[in-house]
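Working notes, structure below.
The values are calculated or read from the model by the stated rules, or taken from the named source; none is laboratory data. Note that the coordinates shown come from a computational prediction; the quantities given were computed from them, not determined experimentally. Cβ: placed from backbone, ideal geometry, glycine included. Neighbour counts: every protein chain shown.
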């Protein structure tokens, strides 16, 4: 069963060591995860994303890959932002200062992502049709185009927080 994000509830999704991926729910059956007969499976394609974020074709749409380090990730709808925290963030509170970090972060290149509505965030190793059997979040996004930007902030010595912000651009 999908976990829905709510303003006062923070659910975290973790990976088994690879990237997380946000896929429009209408094309989940087209994501093969780590299984496949070909030389490179979808999971391998997700690993090839260079940098903090990237887009991969899935069916007739694209998925958003949260690359770089494996990190526990949640979505804060009030900020339109995925917040990423290293190692074992499940049950942990959202890192303090997200609102400030959004205004002071040094952002990487911005991408444009088109979605038809809700997306599902899960470990890229899982096939999309089995994503409900693992930790995942269903995120209700308005249909349309989104500007997506990413940053990695360092709020303290040895600590980091990743930010992936979505800004709705319209239809």
Condition check for residue 129: touching a helix residue (DSSP H, G or I) at 6+ places or on another chain (Cβ under 9 Å) and farther than 13 Å from residue 62 by Cα: yes
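Might you check whether a residue that is at pLDDT 95 or above and either buried (at least 21 other Cβ atoms within 10 Å of the Cβ) or outside any strand (DSSP E or B) (or both) occurs anywhere in the range 123-136? Working first, answer last.
In the first step, residues of the range 123-136 are kept if they are at pLDDT 95 or above; the result is none.
No: the range 123-136 contains no residue that is at pLDDT 95 or above and either buried (at least 21 other Cβ atoms within 10 Å of the Cβ) or outside any strand (DSSP E or B) (or both).
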For the range 133-168, give me the residue count where each residue is within 24 Å of residue 59 (Cβ to Cβ) and touching a helix residue (DSSP H, G or I) at 6+ places or on another chain (Cβ under 9 Å). 1
Among the residues of the range 46-66, the number that are out of contact with any helix residue (DSSP H, G or I) (no Cβ under 7 Å at 6 or more places or on another chain) and surrounded by 21 or more Cβ atoms within 10 Å (Cβ to Cβ) is 7
Kindly indicate whether any position in the range 26-47 is assigned to a strand (DSSP E or B) and without any contact (Cβ under 8 Å) to a residue 12 or more places away in the chain. no
Take residue 161 and decide whether it is buried (at least 21 other Cβ atoms within 10 Å of the Cβ), part of a strand (DSSP E or B), modelled with pLDDT under 90 and touching a strand residue (DSSP E or B) at 6+ places or on another chain (Cβ under 9 Å). yes
Output for Cβ contacts, cut-off 8 Å, separation at least six or different chains, first residue at positive phi and touching a residue at least 12 places away in the same chain (Cβ under 8 Å) in the range 127-150, second outside any loop (DSSP other than H, G, I, E, B) and surrounded by fewer than 13 Cβ atoms within 10 Å (Cβ to Cβ), reads 144/169; 144/170
Against the conditions (1) farther than 16 Å from residue 160 by Cβ; (2) modelled with pLDDT of 85 or more; (3) loosely packed, with under 12 Cβ neighbours inside 10 Å, where does residue 113 fall short? Just the number, please. (3)
